[in-house]
Amino acid sequence: MAGTVWWKRGTVYQVYPRSFQDTDADGIGDLPGITARLEHLAWLGVDAVWISPIYPSPMADYGYDVSDYCGIDPLFGTLADFDALVAEAHRRRLKVILDFVPNHSAITHPWFAESRASRTNPRRDWYIWRDPAPDGGPPNNWLSNFGGPAWTLDPATGQYYYHAFLKEQPDLNWRNPAVRTAMHDALRFWLERGVDGFRVDVIWHLMKDAGFQDNPANPDFSPEQPEINRFAQVYSADRPEVLDVIAEMRAVLRPYGERVLIGEIYLPMERLMAYYGPDLSGADMPFNFQLIQTPWSAEAVSDLVENYEAALPDGGWPNWVLGNHDQPRIAARVGANQARIAAMLLLTLRGTPTLYYGDEIGLAHVPIPADRVRDPWERNEPGHGRDPERTPMQWDGEVHAGFSTVEPWLPLSDDAAARNVDALRDDPTSILTLYRRLLALRREHAALSVGAYRGIATEAADVFAYERFGDDGAFRILLNFGGASHTLALPADETWTVLLSTRGHRGGDGAVASIALGPDEGLILQKC
Ligand code: NOJ
């Protein structure tokens, strides 16, 4: 373990700052709120907090539209609040990872104001401007990820600008070296303030085809999918040149020591692997969202783990994610029982796990009444909105679950009185206790974090079994993805003892030749 960088050993916890803790009674979370709740993260046993964007922003996409890359939005606090957060986190041995949003700025960014001022403005080329098609329409068929065309006409100068997301989020032109320099300066600004790394938003989008060719039709498109899927994003994203851009970012981090660069990438497995970069010059961790995209069955998940492990480049470090602020919550997707299996899986696979706030209390889908919808995507394409996974953290049984003293910006879950940290923390059978025990085991046994992985065949089709092993021992993880019980044989010449069950402790049964696995139960066994 000694010599292993922190982000390989550690666990990342994502905070959506609007929803973690409100301290100034506006119904929206803030930086002092995160600082006040660092104790929860330390108690839980995670190692790093990744905070979704906190920069000044008109909030068209809730902070993923940045109007100043080197500031803090007053809604969240001040730079002094930020410094206090970093100091307090570091005092508690927690790392701080910022969300960096370089693909696009806010439409209100002064750079864009200059860029749109005239065709000859020195910053014109900081964004992506094209002439209309001959019929006056958009320059090509590229679509916005939030529906509709990705091009908006700016009548003052008669050209279209490109936006992969909202029209309020114009894409920056990363082919322009001045843009790169400005962004590198922004990275350094935060590195100097002590941040331990960045999660880079839509990193695979940074470079687009220089020829702006039309994207080809997607033969698998069906109307219930978001409109963006109508075309395969062949020319609008995932261009080979992006690897140079990422290598340059990594080079900015390098002099600062053990800082981490995580890239947000939604691509098929073989393309994802390219983002480790030639000679690992790319992202330290290209986010692996495969668990989110794979059907929830023992067979599919076990195949996925085998394939992912096999596809990793030499020296490429794995990572796993169950959910984030853009995806339905894991408990909503697989149900309360299987959410425990998911927790055990996430925290015993080889590679850095990222937890999403609220998953540790089993938050599931929170229905959002029509008059409380906030996500612009839901307004553009109903049914695809992300508000249900962005609702406030539930801390206690007080009014508004201790999140705020006023009505929160999004509703709480109906069961907030029972589903909160306070109510679950001393319950030995709660999902919160399970998360904490899993994190403690992972921390205690290096084999569970940085040890090797080996899949194990079992007699039961709905059980996924594997071994993690290293200098400090061997562990067997048995995960029942189904509702039937199973008795599984253990190697005759070995003795295993039960360390943890997803149903609460059931230690003590050692020296067994076979083991009973209940419905929806997961077990960690240790070799004696
Ligand atoms: C990915 C972010 O995770 C998502 O929340 C955001 O809407 C888009 N990028 C645009 O920045």
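The values are calculated or read from the model by the stated rules, or taken from the named source; none is laboratory data. Everything numeric in this text was worked out from a predicted model, so none of it was measured. No Cβ is skipped: glycine too gets one built from the backbone with ideal geometry, and neighbour counts run over all protein chains shown.
Filter the range 226-262 down to the residues that are of a type in the set (Asp, Glu) and under 14 Å from Trp204 (Cβ atoms), then identify the one that is surrounded by the fewest Cβ atoms within 10 Å (Cβ to Cβ).
Residues of the range 226-262 of a type in the set (Asp, Glu): 227, 238, 241, 244, 248, 258.
Add one more test, that the residue is under 14 Å from Trp204 (Cβ atoms), and what stays is 238, 241, 244.
Details: Asp238: 22, Glu241: 13, Asp244: 15.
Of everything passing the filter in the range 226-262, Glu241 is surrounded by the fewest Cβ atoms within 10 Å (Cβ to Cβ).
Need the failing condition index for Tyr160 against (1) assigned to a strand (DSSP E or B); (2) over 24 Å from Ala232 (Cβ atoms), just the number.
For Tyr160, the failing item is (2).
Residue by residue through the range 470-496, note down the ones that are among the hydrophobic types (A, V, I, L, M, F, W, C), within 35 Å of the chain's Cα centre (by Cα) and assigned to a loop (DSSP other than H, G, I, E, B).
Hits for the range 470-496 are Phe481, Ala484.
What do you reckon, is Asp22 farther than 24 Å from Gln327 by Cα and among the charged types (D, E, K, R)?
Values: farther than 24 Å from Gln327 by Cα: no; among the charged types (D, E, K, R): yes.
The answer is no for Asp22.
Would you point out which residue out of Ile51, Ile72, Ile28, Ile34 is at pLDDT 95 or above, within 15 Å of the ligand (Cβ to nearest atom) and of a type in the set (A, V, I, L, M, F, W, C)?
On the way: Ile72 fails: within 15 Å of the ligand (Cβ to nearest atom); Ile28 fails: within 15 Å of the ligand (Cβ to nearest atom); Ile34 fails: within 15 Å of the ligand (Cβ to nearest atom).
Within the list Ile51, Ile72, Ile28, Ile34, the selection yields Ile51.
Do we find that Asp99 is within 16 Å of the ligand (Cβ to nearest atom), touching a Pro at 6+ places or on another chain (Cβ under 7 Å), among the charged types (D, E, K, R) and under 30 Å from Gly451 (Cα atoms) in this structure? So that I can check it myself, show each step before the final result.
Details: within 16 Å of the ligand (Cβ to nearest atom): yes; touching a Pro at 6+ places or on another chain (Cβ under 7 Å): yes; among the charged types (D, E, K, R): yes; under 30 Å from Gly451 (Cα atoms): yes.
For Asp99, the condition - within 16 Å of the ligand (Cβ to nearest atom), touching a Pro at 6+ places or on another chain (Cβ under 7 Å), among the charged types (D, E, K, R) and under 30 Å from Gly451 (Cα atoms) - is met.
Among the numbered criteria (1) surrounded by fewer than 21 Cβ atoms within 10 Å (Cβ to Cβ); (2) within 14 Å of the ligand (Cβ to nearest atom); (3) charged (D, E, K, R), which single criterion is violated by Asp171?
Unmet for Asp171, out of (1) surrounded by fewer than 21 Cβ atoms within 10 Å (Cβ to Cβ); (2) within 14 Å of the ligand (Cβ to nearest atom); (3) charged (D, E, K, R): (1).
With respect to Ala164, determine if the residue is in contact with a Phe, Trp or Tyr (Cβ under 6 Å, 6 or more places away or on another chain), surrounded by 15 or more Cβ atoms within 10 Å (Cβ to Cβ) and among the aliphatic types (A, V, I, L, M). Quick ask: steps written out before the conclusion?
On the way: in contact with a Phe, Trp or Tyr (Cβ under 6 Å, 6 or more places away or on another chain): no; surrounded by 15 or more Cβ atoms within 10 Å (Cβ to Cβ): yes; among the aliphatic types (A, V, I, L, M): yes.
Against the criterion (in contact with a Phe, Trp or Tyr (Cβ under 6 Å, 6 or more places away or on another chain), surrounded by 15 or more Cβ atoms within 10 Å (Cβ to Cβ) and among the aliphatic types (A, V, I, L, M)), Ala164 does not qualify.
Has the range 197-210 got at least one residue that is over 23 Å from Ile262 (Cα atoms) and either at pLDDT 95 or above or surrounded by fewer than 20 Cβ atoms within 10 Å (Cβ to Cβ) (or both)? Break it down stepwise before answering.
As a first pass, look at the range 197-210 and keep what is over 23 Å from Ile262 (Cα atoms): 209-210.
If we keep only those that are either at pLDDT 95 or above or surrounded by fewer than 20 Cβ atoms within 10 Å (Cβ to Cβ) (or both) too, we end up with 209-210.
Checking the range 197-210: at least one residue is over 23 Å from Ile262 (Cα atoms) and either at pLDDT 95 or above or surrounded by fewer than 20 Cβ atoms within 10 Å (Cβ to Cβ) (or both).
Going residue by residue through the range 106-118, is there one that turns out to be within 16 Å of the ligand (Cβ to nearest atom), over 20 Å from Asn324 (Cα atoms) and either modelled with pLDDT under 95 or of a type outside the set (A, V, I, L, M, F, W, C) (or both)? Even if it seems obvious, please write down each step before you answer.
Looking only at the range 106-118, we keep the residues that are within 16 Å of the ligand (Cβ to nearest atom), and these are 106-109, 112.
With the extra rule that they be over 20 Å from Asn324 (Cα atoms), the set shrinks to 106-109, 112.
Those left that are additionally either modelled with pLDDT under 95 or of a type outside the set (A, V, I, L, M, F, W, C) (or both): 108-109.
Within the range 106-118, one or more residues are within 16 Å of the ligand (Cβ to nearest atom), over 20 Å from Asn324 (Cα atoms) and either modelled with pLDDT under 95 or of a type outside the set (A, V, I, L, M, F, W, C) (or both).
Going through the range 379-388 one residue at a time, which ones are within 13 Å of the ligand (Cβ to nearest atom), in a helix (DSSP H, G or I) and under 20 Å from the mean Cα position of the chain (by Cα)?
If the condition is that a residue be within 13 Å of the ligand (Cβ to nearest atom), in a helix (DSSP H, G or I) and under 20 Å from the mean Cα position of the chain (by Cα), then Asp387 is the only one that fits.
Considering only the range 79-99, I want to know if a residue exists there that is in a loop (DSSP other than H, G, I, E, B), crowded, with 23+ Cβ neighbours inside 10 Å and out of contact with any helix residue (DSSP H, G or I) (no Cβ under 8 Å at 6 or more places or on another chain).
Looking only at the range 79-99, we keep the residues that are in a loop (DSSP other than H, G, I, E, B), and these are 92-94.
Now narrow it down to the ones that are crowded, with 23+ Cβ neighbours inside 10 Å: none.
No, because not a single residue in the range 79-99 is in a loop (DSSP other than H, G, I, E, B), crowded, with 23+ Cβ neighbours inside 10 Å and out of contact with any helix residue (DSSP H, G or I) (no Cβ under 8 Å at 6 or more places or on another chain).
Do we find a residue being modelled with pLDDT of 95 or more, surrounded by fewer than 19 Cβ atoms within 10 Å (Cβ to Cβ) and within 16 Å of the ligand (Cβ to nearest atom) anywhere in the range 134-141?
Looking for residues that are modelled with pLDDT of 95 or more, surrounded by fewer than 19 Cβ atoms within 10 Å (Cβ to Cβ) and within 16 Å of the ligand (Cβ to nearest atom), one finds none in the range 134-141, hence no.
Out of all the residues in the range 25-57, which are assigned to a loop (DSSP other than H, G, I, E, B) and surrounded by fewer than 17 Cβ atoms within 10 Å (Cβ to Cβ)? Spell out how you get there, then give the answer.
Filtering the range 25-57 down to residues assigned to a loop (DSSP other than H, G, I, E, B) leaves 25-30, 37, 45-47, 52-57.
Within the range 25-57, Ala25, Asp26 qualify.
Residues to consider are Phe189, Phe198; find the one that is farther than 20 Å from Asn141 by Cα, more than 16 Å from the ligand (Cβ to nearest atom), touching a residue at least 12 places away in the same chain (Cβ under 8 Å) and among the aromatic types (Phe, Trp, Tyr).
Working: Phe198 fails: more than 16 Å from the ligand (Cβ to nearest atom).
Answer to the check: Phe189.
Looking at (1) surrounded by 14 or more Cβ atoms within 10 Å (Cβ to Cβ); (2) more than 16 Å from the ligand (Cβ to nearest atom); (3) within 24 Å of His104 (Cα to Cα); (4) under 23 Å from the mean Cα position of the chain (by Cα), which one does Trp296 not meet, given that it meets all the others?
(3)
Does Ala106 fit the bill of being hydrophobic (A, V, I, L, M, F, W, C), in contact with an Asp or Glu (Cβ under 6 Å, 6 or more places away or on another chain) and assigned to a loop (DSSP other than H, G, I, E, B)? Break it down stepwise before answering.
Numbers: hydrophobic (A, V, I, L, M, F, W, C): yes; in contact with an Asp or Glu (Cβ under 6 Å, 6 or more places away or on another chain): yes; assigned to a loop (DSSP other than H, G, I, E, B): yes.
Yes.
For the range 433-463, how many residues are over 20 Å from Thr352 (Cβ atoms) and either touching a helix residue (DSSP H, G or I) at 6+ places or on another chain (Cβ under 9 Å) or basic (Lys, Arg) (or both)?
Kept after step one, since they are over 20 Å from Thr352 (Cβ atoms), are these residues of the range 433-463: 433, 456-463.
Okay, now just the ones that are also either touching a helix residue (DSSP H, G or I) at 6+ places or on another chain (Cβ under 9 Å) or basic (Lys, Arg) (or both), so 433, 458, 460-463.
Within the range 433-463, residues that are over 20 Å from Thr352 (Cβ atoms) and either touching a helix residue (DSSP H, G or I) at 6+ places or on another chain (Cβ under 9 Å) or basic (Lys, Arg) (or both) number 6.
Going through the range 166-211 one residue at a time, which ones are among the aliphatic types (A, V, I, L, M) and in a loop (DSSP other than H, G, I, E, B)? Even if it seems obvious, please write down each step before you answer.
So the first thing to find is which residues in the range 166-211 are among the aliphatic types (A, V, I, L, M), and the list is 166, 172, 178-179, 182-183, 186-187, 191, 195, 200, 202-203, 206-207, 210.
Within the range 166-211, Leu166, Val195, Val202, Leu206, Met207, Ala210 qualify.
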